[in-house]
Amino acid sequence: MLLKIIYFPWFRNAQTAILVRGLKRWLMLAALLFVAMPAASADQELLVVYPETAEPFRSVFEQIVQGIESQAKIQKFVLSKDNDRDALASQLIEHPPTAIVALGQRSVAAVSSLDNRPFVVAGAILSLPELDTTPTLHITGISMAPDPALLFARLRALAPRVRQVTVLYNPEQNEWLIKRAQAAAEAVGIKLAAYPVANLSEAARGYRDIFTKVQGPSHAIWLPMDGLAAEESTILPLVLEHVWKQNVVLFASNLEHVQRGALFCLYPNHLQLGRRLAELTEKHDASGLAPLRDVRIAVNLHTASHLGLDLSDERSTFDLVLPAN
């Protein structure tokens, strides 16, 4: 960087010349310091907190962390089963991050309990119901639940005869998602009938009642990511038995459900999710939880054939086709 001092005619005396030379040296030194100074973003470091866990969840967390690390400089804190709250608080003091990414419900709870924490982004969770009652938490994040807008757009493309979708859901987990789903279904010309359930018995009764009323290709059942309405030991077998007998489309938000007979699901792209979480730390916008949009699609062709659906035009868009052979 070149600096040039212009001497005007009134700079006549020696004292003025000395002042000018001093000013020139000062400006050159300032310029060198400015060039040598790193950008502010280079000093930013995220603290990524995630729980100690076994497979397959360990790999999920590691892939998300890898995505975050591809976008930002990070330090990691693995939360033990004993919670390590004091150790986590000490790390915040010794190595203050610019923001925290908390992965998993246990990590979000641990981080939320800390005093004087920086901005927090949550990931690898389904919901944040505490945000509705405690806005001072200043947490934003991305749910593992796929965006209903993407789900219903795919349903319309794969099963265009569907006109009505029924969903049972746990309101403590998914009330926020169902509100989005109502608008998403309406946007593609589908009527969504949503029924909250409080326990497994209520969910089982609800599905039995539903299957006395629905029949054929104009109806679909949506299984959200839900510990009650999509419980896998009793509820899922019940639903799979009835949709198969009655030729009802079943779509889901869980890859295992497609392996067991659902027509399709949207499942997370964990690496891209990590990149997206890193981007959110730069915005510092505590706007709450957003549904997942970084997704892949899995389709069960055996189920499609049973339903009489021709998916040949869509097959190039599938990330995973089941059965594998």
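Tell me, yes or no, whether the stretch 229-238 has at least one residue that is closer than 28 Å to VAL321 by Cβ and not assigned by TED's automatic domain parsing to the domain that holds TYR169. Before you say what the answer is, go through the steps one by one.
Of the stretch 229-238, the ones closer than 28 Å to VAL321 by Cβ are 229-233, 235-238.
After this cut, where a residue has to be not assigned by TED's automatic domain parsing to the domain that holds TYR169 as well, the list is none.
Checked the stretch 229-238: no residue is closer than 28 Å to VAL321 by Cβ and not assigned by TED's automatic domain parsing to the domain that holds TYR169.
Scan the stretch 204-223 residue by residue and report those that are under 15 Å from ALA252 (Cβ atoms) and either assigned to a helix (DSSP H, G or I) or not assigned by TED's automatic domain parsing to the domain that holds VAL243 (or both).
Of the residues in the stretch 204-223, the ones under 15 Å from ALA252 (Cβ atoms) are 207, 220-223.
If the condition is that a residue be under 15 Å from ALA252 (Cβ atoms) and either assigned to a helix (DSSP H, G or I) or not assigned by TED's automatic domain parsing to the domain that holds VAL243 (or both), then TYR207 is the only one that fits.
Just give me the residues in the stretch 236-248 being within 26 Å of the chain's Cα centre (by Cα) and β-branched (Val, Ile, Thr), in sequence order. Explain how you work it out, then say what you get.
Within the stretch 236-248, the subset within 26 Å of the chain's Cα centre (by Cα) is 236.
Matches in the stretch 236-248: none.
Select, from LEU228, LEU177, LEU240, LEU236, the only residue that is in contact with a Lys or Arg (Cβ under 8 Å, 6 or more places away or on another chain) and buried (at least 20 other Cβ atoms within 10 Å of the Cβ). Let's see the steps before the verdict.
Values: LEU228 fails: in contact with a Lys or Arg (Cβ under 8 Å, 6 or more places away or on another chain); LEU177 fails: in contact with a Lys or Arg (Cβ under 8 Å, 6 or more places away or on another chain); LEU240 fails: buried (at least 20 other Cβ atoms within 10 Å of the Cβ).
Result of the check over LEU228, LEU177, LEU240, LEU236: LEU236.
Within the stretch 154-173, is even one residue in a helix (DSSP H, G or I), among the aliphatic types (A, V, I, L, M) and out of contact with any strand residue (DSSP E or B) (no Cβ under 7 Å at 6 or more places or on another chain)?
Pass one, the stretch 154-173, residues in a helix (DSSP H, G or I): 154-158, 171-173.
Next cut, among the aliphatic types (A, V, I, L, M) only: 155, 157-158.
When the remaining residues are screened for being out of contact with any strand residue (DSSP E or B) (no Cβ under 7 Å at 6 or more places or on another chain), the result is 157.
Yes, that holds for at least one residue.
Scan the stretch 64-77 and give yes if some residue there is acidic (Asp, Glu) and at pLDDT below 95, otherwise no. Talk me through it step by step, then tell me what you get.
Just the residues of the stretch 64-77 that are acidic (Asp, Glu), to begin with: 69.
Within this subset, residues satisfying the condition of being at pLDDT below 95 are none.
Within the stretch 64-77, not a single residue is acidic (Asp, Glu) and at pLDDT below 95.
The values are calculated or read from the model by the stated rules, or taken from the named source; none is laboratory data. Computed from a predicted structure; not experimentally measured. All Cβ positions, glycine included, derive from the backbone under ideal geometry; neighbour counts span all protein chains shown.
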